[in-house]
Amino acid sequence: MGILEQMKAMSVKGQPRVQTTRDRSTCSASQIMVSPCLQGDISHCVETTVPQVQLPEDILHQIHALMPLRDAAQAACVSRGFLRSWRCFPNLIISIDSLGIKENETNNDEIKSDFICRVGHIIQNHSGMGVKRLIIQTYPWSNIHPSYIDSWLRDAITPGIKEIEISMLIYGGIKYNFPGSVLSSSEIRSSIQIFLLAECSFHCAAQIGCMSSLKKLNLHSVHITGEELYGFLSNSCALEQLRITNCNDIICLKIPCLLQKLYILDVLGCSKLEMIDSNAPNLSTFFFSGHPIHISLGDALQLRKISFSRYNSPDALYYASIKLPFIAPNLQTLVLSTSDETVNTPKAFGKFIQLKYLEIVVSTSKFSQDYDLCSLISFLDASPTLQSLTVRIAQPTIRRDSVIKDSSGYSRPQCFQEQCHDNLKNVMITGFCSAKSMMDLTISIIEKTKALECLTLDTTRGHRRFAKIDKCRQMNKEALAEATKALNAIQRYVEGRVPPGVNLKVIEPCSKCVC
């Protein structure tokens, strides 16, 4: 039973005085949330006193603060105590979901007008005090006038607020410029810990002033220059996490050394970015996805995890093998993604002395037919403490050098380096194929690794997460035929070489893999 139903049940049991009205225009509490489009949500408004239950007001406020926005507003319609609590309700989350609007209704201008009306009532009936978390998401409308957003921000952003998230939708609509004036108060700036902007402009960033408590900054598709962002970061000395996604006005991203607490830096898809120059001394996690650029992370001795993806680049793995050992000498986890690799991976110039986990992802079918998969063994030679290796071929690799097609069969080349590896325990290859260089890579791993415990060869495309459920990635007829050849190659050339103590797992397509 929900809060609203419980309150109504308690009212009947205790037979308190009940005042009922179906005219929402005369019920001030209903204006908090209810509009003509919510006819079924609250059939009437009830003001009640319950003599049997008398909770201290501070506990009542805590209970109220834990409710979702709609439940909190509805509860305020049936309880004077909750109505008083509403005046300082801490979590204002404004979206079509929180207001109960169905997305298939959102193309209607009347529904958009009702959305604006509801939000206006919510903000107007709130005192402005006590707001800790403000989230405004205008999806799916791109033409809400900026004056409405400005008004909501001015009323809701008050001293003590900790989290601000403004997510606009600007495709073909009105572009929104975040007003720096709402952060003019030092009391407001000193309380903000999380700040997220999406699909708007933030050109006032450098003039905002000191953000002494800001710990997390997330900018997605925001119009801001590198100089403007640097000015903002220079005033945010407590920053711990910085995520920049699709901010295409930034050419040079500079991270000042003042950010002593910054430990996570994510830079994804900034199309005009040419350089990342970070002097944050305690960076521990770095994610990058984009075109080839110059990257300098200073003395990144604390850097432990890198996820590195370069697209439209023929040498992403080559770059990683010769540069990353020097950029991050104490790396422990490395995830590399590539889509257009044509240059074989050379022997690494440096060593990944502390690397424990390595994952290499080939994301598209553009992977060169001539790429020597066995050249990936150079990462193994450069990582003496490696314990887990995963190679993921997202598109099944259909190569012309299949050992099954070759009438002479497969023979192990004599050029393998005989250097042994003492720590590698788990190896997984997803998208395993019958290519000769794939056989070379697999057999080399088997023969070089003395501590190997589990070898997984997945002839499918692996799994994907969808709606929190693992599902097979579907395969076309050509890929299914290649999987059959890969299984044949494993039986002929791999199984007999696997030591008795190694658990060999071979994954083959199931009925769900078929397109």
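When you look at Ser190, is it over 26 Å from the mean Cα position of the chain (by Cα) and open to solvent by 30 Å² or more (accessible area, probe 1.4 Å), yes or no? Let's see the steps before the verdict.
Working: over 26 Å from the mean Cα position of the chain (by Cα): yes; open to solvent by 30 Å² or more (accessible area, probe 1.4 Å): yes.
In short, yes.
In the list Ser234, Ser201, Ser221, which residue meets the criterion of being in contact with a Pro (Cβ under 6 Å, 6 or more places away or on another chain), among the small types (Gly, Ala, Ser) and farther than 22 Å from Val131 by Cβ? Spell out how you get there, then give the answer.
On the way: Ser201 fails: in contact with a Pro (Cβ under 6 Å, 6 or more places away or on another chain); Ser221 fails: in contact with a Pro (Cβ under 6 Å, 6 or more places away or on another chain).
Within the list Ser234, Ser201, Ser221, the selection yields Ser234.
Within segment 414-429, how many residues are modelled with pLDDT under 90 and either open to solvent by 30 Å² or more (accessible area, probe 1.4 Å) or within 13 Å of Leu457 (Cβ to Cβ) (or both)? Can you show your working first?
Keep residues of segment 414-429 that are modelled with pLDDT under 90, which gives 414-422.
Still in the list and also either open to solvent by 30 Å² or more (accessible area, probe 1.4 Å) or within 13 Å of Leu457 (Cβ to Cβ) (or both): 414-415, 417-420, 422.
The qualifying residues number 7.
Do we have any residue at all in segment 499-511 that's closer than 22 Å to Asp372 by Cα and either of a type in the set (A, V, I, L, M) or modelled with pLDDT of 75 or more (or both)? Outline the logic, then answer.
Looking only at segment 499-511, we keep the residues that are closer than 22 Å to Asp372 by Cα, and these are none.
No.
Can you list residue pairs whose Cβ atoms sit under 6 Å apart, with the first residue in segment 326-341 being without any contact (Cβ under 8 Å) to a residue 40 or more places away in the chain and the second being of a type in the set (Phe, Trp, Tyr) and assigned to a strand (DSSP E or B)? Count only pairs 6 or more apart in sequence or on different chains.
Final answer for the pair search is Thr333/Tyr357; Leu336/Phe308.
Here is a yes/no grid of residues against (1) part of a loop (DSSP other than H, G, I, E, B); (2) open to solvent by 60 Å² or more (accessible area, probe 1.4 Å); (3) in contact with a strand residue (DSSP E or B) (Cβ under 6 Å, 6 or more places away or on another chain):
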| site | (1), (2), (3) |
| --- | --- |
| Leu317 | no, no, yes |
| Ile322 | no, no, no |
| Phe326 | no, yes, no |
| Ser337 | no, no, yes |
| Asn344 | yes, yes, no |
| Lys351 | yes, yes, no |
| Val361 | no, no, yes |
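So Phe288 clears everything in (1) of a type in the set (A, V, I, L, M, F, W, C); (2) free of Cβ contacts under 8 Å to residues at least 24 places away in the same chain; (3) closer than 23 Å to Ser437 by Cα except one condition, right? Which one?
(3)
Based on this model, can you work out whether Thr456 counts as at pLDDT 95 or above and open to solvent by less than 60 Å² (accessible area, probe 1.4 Å)? Spell out how you get there, then give the answer.
On the way: at pLDDT 95 or above: yes; open to solvent by less than 60 Å² (accessible area, probe 1.4 Å): yes.
When the stated conditions are applied, Thr456 passes them.
Conditions: (1) open to solvent by 10 Å² or more (accessible area, probe 1.4 Å); (2) farther than 21 Å from Asp71 by Cα; (3) modelled with pLDDT under 95. Lys162 meets all but one. Number of the miss?
(3)
In the list Leu217, Leu259, which residue meets the criterion of being touching a residue at least 24 places away in the same chain (Cβ under 8 Å), among the aliphatic types (A, V, I, L, M) and either open to solvent by 40 Å² or more (accessible area, probe 1.4 Å) or part of a strand (DSSP E or B) (or both)? Break it down stepwise before answering.
Details: Leu259 fails: either open to solvent by 40 Å² or more (accessible area, probe 1.4 Å) or part of a strand (DSSP E or B) (or both).
Residue meeting the stated conditions: Leu217.
The values are calculated or read from the model by the stated rules, or taken from the named source; none is laboratory data. Only a predicted model underlies this, so the values are computations on that prediction, with no experimental measurement involved. Positions of Cβ are backbone-derived with ideal geometry, glycine not excepted, and every protein chain shown enters the neighbour counts. Areas reflect the complete protein model, heavy atoms only, side chains present, ligands, DNA and RNA absent. Shrake-Rupley method; radii C 1.70, N 1.55, O 1.52, S 1.80 Å.
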